[in-house]
1. Scan the range B:122-196 for trypsin sites (Lys or Arg not before Pro) in coil per DSSP, keeping those whose Cβ has at most 16 other Cβ atoms within 10 Å, and list them by number.
2. Output the direction-averaged projected area (hull surface divided by four) of the convex hull of the alpha-carbon atoms of the range A:66-137, in nm².
3. With +1 assigned to the C-beta of every Lys and Arg and -1 to the C-beta of every Asp and Glu, and no other charges, what is the dipole magnitude of chain A about the Cα centre in debye, to the nearest 20?
4. Of the candidates A:Leu13, A:Leu215, A:Leu277, which one comes out as most mobile in a Gaussian network treatment of chain A with C-alpha springs shorter than 10 Å?
5. Once the Cβ-Cβ distance between A:Lys116 and A:Asp72 is put in as r, and R0 is 25 Å, what FRET efficiency do you end up with, to the nearest 0.05?
6. Just the accessible area per residue of the range A:58-196, please: how many Å² with a 1.4 Å probe?
7. How large are Rg and Dmax for the protein assembly as shown when calculated on the C-alpha trace, in angstrom?
8. With every protein chain present, what is the per residue accessible area of the range A:216-437 (1.4 Å probe, Å²)?
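The values are calculated or read from the model by the stated rules, or taken from the named source; none is laboratory data. These numbers come from a predicted model, not from an experiment. Cβ placement follows ideal geometry from the backbone for every residue including glycine, while neighbour counts extend to all protein chains displayed. Side chains are part of the model used for accessible areas, which takes the heavy atoms of the whole protein and leaves out ligands, DNA and RNA. Shrake-Rupley method; radii C 1.70, N 1.55, O 1.52, S 1.80 Å.
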Amino acid sequence: MTEITASRQSLLLPDARTRSRNAAEKRFRVYGMIAIGLAVLALCVLLVSIVSNGAGAFQQTFITLDVAFPEDKLDKNGNRDPAEMAKVTTFGYAPLIKSAINARIQAEGIEIEGLKKPERMISKEAAAQLRNFVLSNPEVIGETRRFEVLASGRVDGYFKGRVTAESAKRDKNISPEHLVLADALKNAGALETRFNWKFVTWPDASENRPEASGLGVAILGSFYMMLVVLVLALPIGVAASIYLEEFAPKNRFTDLIEVNISNLAAVPSIVFGILGLAIFINFAGLPQSAPIVGGLVLTLMTLPRIIIPSRAALAAVPPSIREAALGVGASRMQTVFHHVLPLAAPGILTGLIIGLGQALGETAPLLLIGMVAFVREYPDAPPEGLFDPATALPVQIFNFTQRADPAFVERASGAIIVLLIFLLITNSVAIYLRRRFERRW
Amino acid sequence: MNDMTMPEQTTKAEADYKFTAKGVDVFYADNHAIKDVSVDINDKTVTAFIGPSGCGKSTFLRCLNRMNDTIDICRVTGDIRLDGEDINDPKVDPVQLRAKVGMVFQKPNPFPKSIYDNVAYGPRIHGLASGKAELDDIVEKSLRRAALWGEVKDRLDKPGTGLSGGQQQRLCIARAVATEPEVLLMDEPCSALDPIATAQVEELIDELRQNYSLVIVTHSMQQAARVSQKTAFFHLGELVEFGETADIFTNPEDSRTESYITGRIG
Ligand SMILES: Nc1ncnc2c1ncn2[C@@H]1O[C@H](COP(=O)(O)OP(=O)(O)OP(=O)(O)O)[C@@H](O)[C@H]1O
Ligand SMILES: [Mg+2]
């Protein structure tokens with residue numbers, strides 16, 4: 001009975017069913033594109049806001065001064081005894097800076113009415129910097145050297161638009177006259193805002209000298225922890241997934257293990273922090289704030305997140321490959337290592353990188369094991385350095401956001417940029433490795 | 001089950017048997033797939049397993065090199081002996097057994113590696129070649145025997161998975177013969193091959209018969225008749241009839257065999 005209608009239906013005209021099917025498909029595609037569009041938009045907003053906030057952190061304002069190192073102040077007895085010279089504290093160097101900036105102002109012929117305490121232009125870090133320089137180069141005593149010192153956070157903020165004459169009036173750390181002076185010094189070529197590697201290399205600095213704070217210790221700490229995670233979680237995770245997937249008998253016990261691993265992957269990371277505090281610090285007596293403890297905690301957290309995708313990757317290898325290998329007389333071990341593992345490697349790698357990425361960005365468990373401490377000393381090279389105090393990048397970001405000075409806002413965003421760059425690098429490495437493995441069919 | 005004195009007791013007639021299977025049952029969980037099957041497989045002969053789809057030919061074939069070990073739910077009972085030795089003895093390493101009893105699977109399953117590596121893999125892990133030249137020889141010889149050499153000799157470094165289905169099956173045959181097994185189990189080796197390649201594989205089977213014992217599962221009555229000397233007919237997990245190929249095809253004893261070979265069941 002449908003024969004007649006069927007014969008009349010032209011192929012050139014879609015029938016009602018086809019039309020509604022095509023419409024449904026079109027709608028679905030639109031939904032998909034909307035979803036992707038929203039995601040891309042959110043990502044763009046995120047990136048733009050972070051970059052616009054954080055780019056300033058990589059720029060810093062410097063002032064060039066000719067600093068005189070008078071012998072009567074720095075080495076009264078004139079015998080260059082390091083122990084005696086070290087008795088002159090950072091405070092003792094402050095007058096040097098004061099006279100250097102005054103000299104510079106005079107030399108440039110700058111006159112500003114009502115200017116008081118021009119040394120406030122300069123970071124408190126500068127005195128410490130000078131002191132370290134003199135202690136390691138005693139021969140400069142009695143001479144005058146050209147120095148580039150950090151401008152204070154407010155002066156720096158002025159050139160980044162954070163500080164204005166208006167806000168300077170209400171600020172006890174800086175006055176509008178200072179800002180006029182800053183402009184004058186800039187015109188004279190004594191002041192410059194430029195790229196600042198020290199943001200990446202220097203350690204953190206105290207609350208009132210944001211201009212001197214950097215991510216050096218945090219980056220090292222994060223790097224050490226990733227090293228620990230990689231060295232422990234990769235072999236343990238891959239070995240565990242291979243054993244569970246390829247060798248372990250299927251029984252109640254292995255089922256139980258499986259359920260537990262899945263549950264562990266879902267445990268909030270802060271719980272691992274408590275566990276780490278109890279086991280590694282209180283019980284095993286490992287030092288607080290040490291990358292080794294952080295690495296161990298993150299390993300515990302990462303292991304299930306590596307094992308689950310690795311097992312999935314192994315299970316996805318077609319059983320016919322295993323049969324083929326066993327059929328020519330390969331042992332189970334040979335089957336796994338010659339055939340199954342290479343095929344599963346891309347999936348395992350992906351899981352590993354996702355696990356590492358999560359570990360790199362993890363903050364909560366590290367707070368509990370004391371990695372939130374203020375650390376100015378770089379940790380030593382591994383392996384000893386693994387036991388030295390350090391912070392981690394995400395914790396450092398958290399630290400920056402906790403501080404009052406508005407200059408830390410840009411530094412927090414700058415630290416996020418650094419963290420994102422590290423994640424980008426690890427992901428690119430993963431993609432590259434995956435391609436390499438996939439090329440082997 | 002494990003009778004250490006068995007090999008000396010074997011009679012002259014039994015010594016000619018490569019495989020002797022007695023009372024073999026196979027279960028997939030609750031599915032009784034092979035029911036009390038006893039078969040003796042002669043050395044230097046081709047034995048064909050025929051029967052309708054799902055009757056257990058592959059399952060029984062896989063018992064002979066213990067491939068069923070790899071299936072968790074599969075349980076094999078009964079006595080299977082290779083040269084008088086119980087292959088299910090706990091002391092037997094299935095790896096050693098499979099080196100002696102090669103297998104070509106029903107679905108072509110080349111390794112995702114180069115054609116060369118596919119064939120060379122077995123000889124490599126068993127240490128059959130002492131150098132590159134010798135390995136090259138084995139690869140070429142095996143590919144020639146599998147009637148594949150001409151088609152792939154210029155692309156040995158290309159992936160084996162990039163071959164056509166029939167070529168892949170011949171690659172798997174080459175891979176199986178490269179390890180010089182004493183027994184070769186072939187599960188429908190020609191189901192994906194054209195008549196020319198089929199003829200070549202049948203030629204190979206004939207040639208291998210001079211030295212080896214072969215068991216071949218096939219759905220083609222003509223092929224069974226052409227290449228085999230013995231034929232076993234399976235039906236619903238039972239061995240219905242087993243005997244000389246000529247007898248089975250010309251003069252079947254069981255009515256089910258007759259119906260099957262004349263195309264009335266299956
Ligand atoms: N891996 C397995 N798990 C569970 N049951 C299986 C498995 N393999 C085979 N079976 C069952 O065992 C029985 C016999 O299967 P088998 O593969 O041996 O048949 P066959 O004779 O080789 O069929 P065909 O000619 O279609 O290849 C079937 O009922 C099948 O469902
Ligand atoms: Mg089959």
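1. Here the trypsin sites (Lys or Arg not before Pro) that fit, given the DSSP loop and packing criteria, are B:Lys153, B:Arg155.
2. 5.1
3. 1660
4. Its mean-square fluctuation being the largest, the pick is A:Leu13.
5. My answer for the efficiency is 0.40.
6. Value for the range A:58-196: 52 Å² per residue.
7. When restricted to the Cα atoms of the protein assembly as shown, Rg and Dmax are 39.5, 126 Å.
8. 44
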